[in-house]
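Data block below; observations after.
The values are calculated or read from the model by the stated rules, or taken from the named source; none is laboratory data. Since the model is a prediction, treat every value here as computed from it, not as a measurement. Reconstructed Cβ throughout: ideal geometry from the backbone, glycine too, with neighbour counts over all protein chains shown.
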């Protein structure tokens, strides 16, 4: 009996002492899927970006209202004709390995992105750049071949991270080692388990990051993540599953930060596949799907049906778009007209990103059965899914794609004939090209808007994709964690300034 | 004359009755665990076989207006996030789970027994080769190996069956080999050999029928393992694919809803438990009956 009491006491002491020792100087973040790779210029998955932004610095960043703010560049100015952009870098910035950040690194980074051999994810956003010059260590001058005022927003992406020229010159491999200028430096990455960071002493914002150590834990089940936050084992969680977020919202012991998301759920049809070559088949699919039903069933109604452009100001009125109201008769008529009575195809869906994808696919399968279209569902692990998605190797997929703060960023890469994700969308028209060129060369939102509205009408009518809905971004944290700012682009940049109270 | 016929008829009836009483099935009916297990399995088998006729609703059709309803008269087990009737999905899941369990136990049983019997009868290097292969399979934790095979082969009915069969192959082959090793030393085997019977005939006509008893025990227990493995694979997304229901995948999809809609977890959870319990009870009863030491206790 005595021994048992001692044992219990020891246990209690151990359990009580363990969290005390760690609290305060380590921030534990949890999410359901791991990043897919270290090279910031190549990654497309959302989960990757949430890790990359802790490690890398960008010339500029966007704040919670999606306005461009200085970051590594202290200030910038456009030339009169809008064909030249000059950045003034901060003084005394260093990379994780201690080498100073200079304008030569900026030049190198953007040239690397523009080099086709790199296969950078954001290359097409920067093709308007004609040349980059570095007249001195702290000045970088971008010269443009054509006007592109939206480019500042694109430069805030992790896909435009500034990398160390020195590191590459010495034969460093960005897929193996991470040398950035961001607030945290990578210490250890155990894929699908955890990623550990420690504060970058020379980070260019004074006093940041506030918490010394950062650890990302990869826990595939979001309900387990929530359980971790409830017990205080996890401080901050990235939650995508609406059901889990609803449970968290009802729980007073955790804090939930919600922001409308700019990432949209979409059924991508592949016009390159025989089954979808005929526009009428694609239109029939679009007409047969009740988008609100998909939202209700897959995301418990947590979100809104979205037009092709997700940025509210530029979005078209959904009632004016082709077949945004379910119309079975029209769908059947279109199929009959196409002379293809036995349409069948496969929907590819990733198992965890977003967690709603499989449910979306099942509901769409069910809805399409009403017009006699047969759908198979193929569920893949995220890494395989991304690979096949990038190669355009699918009939259709239940995708979750990111939208930035500017419609150009959302549209150009998919729908302009030179867009770097044309392989994924496999659709373009000369009119669309023209509208997108116009849209990105103008500065006044009121002038730009009509071009994007028309582009959306063309896209809805041609139905290469069936845009479904936008959900919310959920961040669940312990109440003692302060200073987090939710943003609609899904970024967690403000983790560098959070602190425990 | 007629009297004698009548008497022998009575004798024969009594004999038949006695035979039945001492037959496996007859003795099983006197074991309470066996009866309960047998009944449970009978109910599941009927539901599984006739699920299409018995289901009150479609297990796949979405009814968005009726989603996440708690159990009621219309939906005794509630509805899921797509408005699908959970009871109907459990019934369809019974059909899927039983089909996979039955096919994979049949596969593993037949191939395992043949391999084990040949190995035991032949002996020598062939025995060594087969049994070391089985040892290799056996040395992996079953769930891990099933996962690895299912991941490598991909999803689908046949692949799930293959994964489960391979994992349980060694159990059957070891059982068969052990029994055959004993039986091949018996005199009737020598007798058969003396009258010039071929090896195949000796093995499959004379030895194997006598080796069936322990194998039947393994088969009845094998069902419960197979159902559990199938549920685990589906829970991890590698078994039955949506929208087709399986108990394991229903449980996995419901996990995030546990607090919002607990009936989504309770339904498949209880179902798996009862099904596995049924097979275990029956399996235990069969094992007891096959055990000669227990048989002598008047059973």
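Read through the list (1) away from every other protein chain (no Cβ under 14 Å); (2) free of Cβ contacts under 8 Å to residues at least 40 places away in the same chain; (3) assigned to a loop (DSSP other than H, G, I, E, B), then give the number of the only condition that residue A:251 fails. All conditions are met except number (1). In the stretch A:276-292, the qualifying residues are those that are away from chain B (no Cβ under 14 Å) and surrounded by 19 or more Cβ atoms within 10 Å (Cβ to Cβ), and the one that is nearest to residue A:332 (Cα to Cα) is A:284.
Annotation note: of B:224, B:249, the sole residue that is assigned to a helix (DSSP H, G or I) and within 12 Å of chain A (Cβ to nearest Cβ) is B:249.
Could you check the stretch A:355-380 and list, in sequence order, the residues that are more than 8 Å from chain B (Cβ to nearest Cβ) and under 18 Å from the mean Cα position of the chain (by Cα)? The answer is A:356, A:357. Taken together, the residues in the stretch A:293-315 that are touching a residue at least 60 places away in the same chain (Cβ under 8 Å) and either touching a strand residue (DSSP E or B) at 6+ places or on another chain (Cβ under 7 Å) or more than 12 Å from chain B (Cβ to nearest Cβ) (or both) amount to 16. Considering (1) at pLDDT below 90; (2) within 11 Å of chain A (Cβ to nearest Cβ), the lone condition that residue B:73 does not fulfil carries the number (2).
Any residue that is touching a helix residue (DSSP H, G or I) at 6+ places or on another chain (Cβ under 6 Å) and surrounded by fewer than 19 Cβ atoms within 10 Å (Cβ to Cβ) - is there at least one of those in the stretch A:395-402? Within the stretch A:395-402, none of the residues are touching a helix residue (DSSP H, G or I) at 6+ places or on another chain (Cβ under 6 Å) and surrounded by fewer than 19 Cβ atoms within 10 Å (Cβ to Cβ). Counting the residues of the stretch A:334-352 that are more than 14 Å from chain B (Cβ to nearest Cβ), touching a residue at least 40 places away in the same chain (Cβ under 8 Å) and either assigned to a helix (DSSP H, G or I) or within 30 Å of residue B:254 (Cβ to Cβ) (or both) gives 6.
Applying the criterion of being in a loop (DSSP other than H, G, I, E, B), more than 14 Å from chain A (Cβ to nearest Cβ) and modelled with pLDDT of 70 or more to the residues of the stretch B:15-68, the residue that is farthest from the chain's Cα centre (by Cα) is B:56. Only a single item in (1) touching a helix residue (DSSP H, G or I) at 6+ places or on another chain (Cβ under 7 Å); (2) surrounded by fewer than 20 Cβ atoms within 10 Å (Cβ to Cβ); (3) within 14 Å of chain A (Cβ to nearest Cβ) is not met by residue B:269, and it is number (3).
I'm trying to understand the selection: among the residues of the stretch B:127-156, which are within 20 Å of residue B:99 (Cβ to Cβ), within 14 Å of another protein chain (Cβ to nearest Cβ) and assigned to a helix (DSSP H, G or I)?
We begin by selecting, within the stretch B:127-156, every residue within 20 Å of residue B:99 (Cβ to Cβ); these are B:146, B:149-150, B:153-156.
After this cut, where a residue has to be within 14 Å of another protein chain (Cβ to nearest Cβ) as well, the list is B:150, B:154-156.
Residue satisfying the conditions is B:150 alone.
Against the conditions (1) away from chain A (no Cβ under 14 Å); (2) in a loop (DSSP other than H, G, I, E, B); (3) at pLDDT below 90, where does residue B:97 fall short? Just the number, please. Unmet condition: (2).
Residue-level check: of (1) in a helix (DSSP H, G or I); (2) surrounded by fewer than 20 Cβ atoms within 10 Å (Cβ to Cβ), residue B:74 misses just (1).
Residue check: residue A:325 meets all listed conditions (1) surrounded by fewer than 18 Cβ atoms within 10 Å (Cβ to Cβ); (2) under 23 Å from the mean Cα position of the chain (by Cα); (3) not in a helix (DSSP H, G or I) but one, namely (2). Checked against the criterion of being over 18 Å from residue A:498 (Cα atoms) and either away from chain B (no Cβ under 14 Å) or surrounded by fewer than 22 Cβ atoms within 10 Å (Cβ to Cβ) (or both), the candidates A:196, A:201, A:177 yield just one match: A:177.
Condition first: over 26 Å from the mean Cα position of the chain (by Cα) and not in a loop (DSSP other than H, G, I, E, B). Now tell me which residues in the stretch A:254-288 satisfy that. The answer is A:274, A:275, A:276, A:279, A:280, A:281, A:282, A:283, A:284, A:285, A:287, A:288. Taking the stated definitions as given, is residue B:210 touching a residue at least 12 places away in the same chain (Cβ under 8 Å) and surrounded by fewer than 22 Cβ atoms within 10 Å (Cβ to Cβ)? Criteria met by residue B:210.
Selection over the stretch B:123-139 of residues that are without any contact (Cβ under 8 Å) to a residue 40 or more places away in the chain and surrounded by 16 or more Cβ atoms within 10 Å (Cβ to Cβ) gives a count of 2.
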